[in-house]
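Sharing a structure with you now.
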Amino acid sequence: MKLDQVKELDRAHLFQNYGRQELCFERGEREFLYDLDGRRYIDMVAGIAVNSLGYAHPAITHTIREQSERLVHVSNLYLVKEQAEAAAAIASTCPKPLSSVLFVNSGAEANEAALKLAFKHTCRSRVVSTYNSFHGRTAAALSVTGQKKYQSGFEPLLSGAVDLIDYGSVEQLKGAVTKDTAAVILEPIQGEGGVIPAEREFFRTARDLCDEHGALLICDEVQTGLCRTGRFFGFQHYDVVPDIISLAKALGNGYPIGAIVASKEVASTFVPGSHGTTFGGNPLGTAIARTVVETMREEKMDIQVAEKGGRWMEQLRDIATRSGGRIRAVRGRGLIIGLEMGGDAKRLQAKALENGILINVCAGSVVRLIPPLILSDGSMKAFNDVLESFLS
Ligand SMILES: Cc1ncc(COP(=O)(O)O)c(C=O)c1O
């Protein structure tokens, strides 16, 4: 099928609720995508921080083939072997006492489950969240998303129950967490909001205040989790252990799956009937999730990403210092890197595309680099070259 035919069908039969680029891909391999005409692109977007092991990773492809020939879905009316195995694999990567996993289908649904768990566990209903955050598009996840543009048209949501503070403000955090707070929900790095990392003190204070007031700390690791930041989880940069972690994106390397992880004690708040999903934790999705987690562990992906990302960030900072202020800041950790571009972000995106490189722009002016974690040095250099030529 040709691109024009895809565009025509899209316009005729799909909701027009995505601002799509006019690109259509047929296949992928490692960090490369190939469009309908066979043109190759270096992908620095990874399906929005999803395809961490790259396209067509042999272990993932093998699991999909093998598992789909046996069993795709049975429901949670029965014991699911693959689900239990994936939960054990995830738990083995988590610090104590985080050992119980509930599988869902997306990041928003993971946060939805995390919030419901916190409400029920604490018998409270207020949530502290941050401006500029992004937690997903379902009603509760959207309520704690501190960006009006996503909520507009859907109010009032749960907004009466959400206390928003500036990300990073220890002072505001101290004023916001009270004995009515069920949970504080934080991204370890604000991704969608423009790749904004936090200081250690902010997370430590959140942990302390949650302990003091009996609230739960939810770390939304949907984007930062599973080695993206150079640690298995983003919260590990801050030496805190949250009460609940939400995961999705990289967990299925493209297969839609999410999860929350909590301690046995917190998890025991959910009893049969408290929460559930028909598809959540199906054998195919969880077999893939197990392969993802085990592959990342075997390949020491966290260490690889810390090294590679650190090196790339240095190179980008060096380019930024020579950019005459056109790159105002280079932020991030591991392989989630933001270039604060002032007015130039969209033009850089177009220039990169001309040169066969896909990049993402978020928060208006930030080029967000979230490539597959298996990114090669050659692809990093290709982007640096385009950036230098754009700036010259
Ligand atoms: C931090 C964070 N939380 C939640 C979500 C929502 O995930 P999903 O789109 O899978 O519902 C996203 C998606 O970008 C995210 O970045």
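The values are calculated or read from the model by the stated rules, or taken from the named source; none is laboratory data. Worth saying up front: this structure is predicted, and the values here are computed from it rather than measured. Here the Cβ is made from the backbone with ideal geometry for all residues, glycine too, and neighbour counts use every protein chain on show. Each accessible area value is taken on the protein alone, full model and side chains, heavy atoms only, with ligands, DNA and RNA left out. Shrake-Rupley method; radii C 1.70, N 1.55, O 1.52, S 1.80 Å.
Using Cα positions and a limit of under 13 Å, work out the aspartates and glutamates in reach of Lys7, with same-chain residues fewer than 8 apart set aside.
Once the sequence-local aspartates and glutamates are set aside, what remains near Lys7 is Glu22.
I'd like the GluC sites (Glu not before Pro) in segment 214-294 restricted to DSSP loop residues with at most 12 other Cβ atoms within 10 Å, sorted by number.
Passing sites in segment 214-294 do not exist.
Quick one: compute the contact order of the chain, relative version, from alpha carbon pairs under 8 angstrom and 6+ residues apart, as a percent.
It comes to 22 percent, rounded to a whole number.
Under 16 Å between alpha carbons, and skipping anything fewer than 8 positions from Lys300 in its own chain: which lysines qualify?
Lys308
Projecting each Cα onto the charge dipole of the chain (Lys/Arg +1, Asp/Glu -1 at the beta carbon, about the Cα centre), which of Phe279, Gly191, Ile60 comes out farthest on the positive side?
Of the listed residues, the answer is Gly191.
Out of the GluC sites (Glu not before Pro) in segment 1-67, which ones are loop residues according to DSSP with at most 12 other C-beta atoms within 10 Å?
Counting only loop positions with at most 12 other Cβ atoms within 10 Å, the GluC sites (Glu not before Pro) in segment 1-67 are Glu22.
A follow-up question, please. Can you compute the charge dipole magnitude of the chain about its Cα centre, using +1 on each Lys and Arg Cβ and -1 on each Asp and Glu Cβ, nothing else charged? Give it in debye, rounded to the nearest 20.
Approximately 220 debye in magnitude.
In addition: So, taking all protein chains as they sit and a 1.4 Å probe, how much accessible area belongs to Arg322, in Å² rounded to tens?
For Arg322, the solvent-accessible surface is approximately 140 Å².
Tell me which of Ala206, Gly175, His73 sits at the most positive position along the dipole axis of the chain, charges placed on C-beta atoms (Lys, Arg +1; Asp, Glu -1).
The Cα lying farthest towards the positive end belongs to Gly175.
How long, wide and thick is segment 132-216, going by the Cα atoms along their three principal axes, in whole angstroms, largest first?
36, 29, 17 Å, listed from the longest principal axis down.
Out of the DSSP beta bridges found with both residues in segment 71-298, what percent are antiparallel (nearest 5)?
Approximately 45 percent, going by the DSSP bridge assignments.
Okay, moving on. How high is the relative contact order of segment 111-184, given as a whole-number percent (alpha carbon pairs under 8 Å, six or more residues apart)?
Rounded, it is 39 percent for segment 111-184.
Expressed as a whole number of Å, what is the distance separating the alpha-carbon centroids of segment 219-284 and segment 125-174?
20 Å
Taking a probe of 1.4 Å, how large is the accessible area per residue of the chain, in Å²?
44 Å²
For Val271, Val170, give the ranking by accessible area with the largest first, probe 1.4 Å.
Val271, Val170
Going Cα to Cα from Lys179, which aspartates and glutamates come in below 15 Å? Please leave out same-chain ones fewer than 8 positions away.
Within the straight-line limit of under 15 Å, Lys179 reaches these aspartates and glutamates: Asp163, Asp208, Asp211, Glu212.
Here is a further query. Please report the antiparallel percentage of DSSP beta bridges with both residues in the chain, rounded to the nearest 5.
65 percent
Now a separate question. For every helix of n ≥ 4 consecutive DSSP H residues, a contribution of -39,500 (n - 2.57) applies; sum these over the chain, divide by its total residues, and give [θ] at 222 nm rounded to the nearest 500 deg cm²/dmol.
-12000 deg cm²/dmol
Take the alpha carbon atoms of segment 348-370, find their center, do the same for segment 72-121, and report the distance between the two centers in whole angstrom.
Spelled out, the Cα-based centre of one part sits 34 Å from the other.
Let me ask something else about it. Quick one: 3J(HN,Hα) in Hz for segment 256-265, Karplus 6.51/-1.76/1.60 with θ = phi - 60°, rounded, Gly and Pro as x.
Here the 3J(HN,Hα) series is x, 7, x, 7, 10, 10, 8, 6, 4, 5 Hz.
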